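A short write-up of the structure that comes next.
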Amino acid sequence: EKVPLKLEINGKKYKLDVEPRTTLLDLLREQLNLTGTKKGCDYGQCGACTVHVDGQRVNSCLSFAVMHDGKKITTIEGLADGDKLHPMQAAFVKHDGFQCGYCTPGQIMSAVACVREGHADSEAEIREYMSGNICRCGAYTNIVAAIQEVKN
Ligand code: FES
């Protein structure tokens, strides 16, 4: 049986009916067509599904959508200001912080949280904070450079 759920996603209010075991990731991708958030492992291991819930980063594959009633969700689609990239998006472009790009939305959502939460003071601290976001192409050095640029 579906349950009612209210969410604000990227500034837009939604009233939904959701099957209780639907993950936030599947709700975003499959019901709302917000496919910028990626499914890598669906298991909490890769970080591709990272979004913000009330400003905190969350692996959306690990949490049920109904847990977030009344909350504000930000996905990669909500980061830019119209045509203007978010500074972290611009820094990833400038520093080639991606190769295939599959992990990039999750990397950027984590990177924004990294700076906002004050975990970007050193390369070691950045790498520690970002350790839940796996990049199979190995773009880590460039990702760190992008984060450092935004931090400074
Ligand atoms: Fe959620 Fe991998 S898809 S952590």
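Bear in mind these aren't lab numbers, they're just calculated from the coordinates by the rules spelled out. Note that the coordinates shown come from a computational prediction; the quantities given were computed from them, not determined experimentally. Here the Cβ positions follow ideal geometry from the backbone for every residue, glycine too, while neighbour counts run over all protein chains shown.
Placing unit charges on each Cβ (+1 for Lys and Arg, -1 for Asp and Glu) gives the stretch 56-152 a dipole about its Cα centre, and among Thr141, Val115, Asn59 the Cα reaching farthest toward its positive end belongs to Asn59.
About its Cα centre, how strong a charge dipole does the chain have in debye, to the nearest 20, once Lys and Arg get +1 and Asp and Glu get -1 at the Cβ? Present the calculation step by step, with values, prior to reporting the outcome.
Numbers: 18 positive and 19 negative charges, 52 e Å.
Around 240 debye, computed over the chain.
Note on Glu149 and Arg21: the extension gain reaches 42.1 nm, defined as 0.36 nm multiplied by sequence separation minus the Cα-Cα distance. When +1 charges are put on Lys and Arg Cβ atoms and -1 charges on Asp and Glu Cβ atoms, the dipole computed for the stretch 3-78 relative to its Cα centre reaches about 180 debye. Mind jotting down the distance between the C-alpha centroids of the stretch 56-91 and the stretch 95-152, whole Å? Cα centres, the stretch 95-152 to the stretch 56-91: 16 Å. Dividing the helix sum by the residues of the chain, where each DSSP H run of 4 or more adds -39500 (n - 2.57), gives a mean residue ellipticity at 222 nm of -7500 deg cm²/dmol.
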